[in-house]
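Colleague: A single structure is presented below for examination.
All of the numbers you see were taken from the coordinates with simple rules; none came from a lab. Here the structure is a predicted model, which means the values were calculated and not measured. A quick note on method: Cβ atoms are made from the backbone with ideal geometry, for glycine too, and the neighbour counts reach across all protein chains shown.
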Amino acid sequence: MHLMSSTDFALRTLLFLASEPERLVNTEALAQALAVSRNHLQKVVQTLVAGGFVRTVKGAKGGVLLARPATEIRVGAVVRHFEARQPIVACFAPDGQCVVEPLCGLKGVLSSAQGQYFRFLDAYSIADCLRRRPAPQGV
């Protein structure tokens, strides 16, 4: 399985926001921190908002923050939300046709593998994937 760049950026955005969940981060600062173009990141943020993963606050002191705790955001849900329209093979597309369909059992195998892939990702939250910085020594 290969993730689209927007899915990768979405996961990185969520991890970044989860590292300081109370902090509002504007998209310019977020784009710089993630080394992503601001325009692309804005589209990713809009999709994250539509999925209920983040929320935005408008205004001079506005920005983006998690819509719910990172422990409640499943990695599988994020990947599904971004990858939903991306078939893993052409025959999975709504208009996909298979010239060997009468003798092909691959579609069922790949569908099962994809289901297992998402179930595996569902076992992890964004919080589970966040590496905590070690506490300073002597504190």
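Colleague: In degrees from 0 to 90, rounded to the nearest 10, what is the angle of the helix 38-50 Cα long axis to the longest principal axis of the chain?
Modeller: 80 degrees
Colleague: Same structure again: For the chain, with only Lys/Arg (+1) and Asp/Glu (-1) charged at the beta-carbon, what is the dipole magnitude about the Cα centre, in debye rounded to 20?
Modeller: That gives a dipole near 420 debye.
Colleague: Quick one: angle between helix 106-122 and the longest Cα principal axis of the chain, in degrees between 0 and 90, rounded to 10, please.
Modeller: Helix 106-122 sits roughly 20 degrees off the main axis of the chain.
Colleague: Counting only residues 5 or more places away or on other chains, whose amide H sits under 5 Å from the amide H of S125 once H atoms are built in the peptide plane?
Modeller: V75
Colleague: Continuing with this model, one more query. What does the convex hull of the Cα atoms come to per residue for the chain, in Å³? Before the final figure, lay out the partial values.
Modeller: Values: hull volume 19.4 nm³, N = 139.
Hull volume normalised by residue count: 140 Å³.
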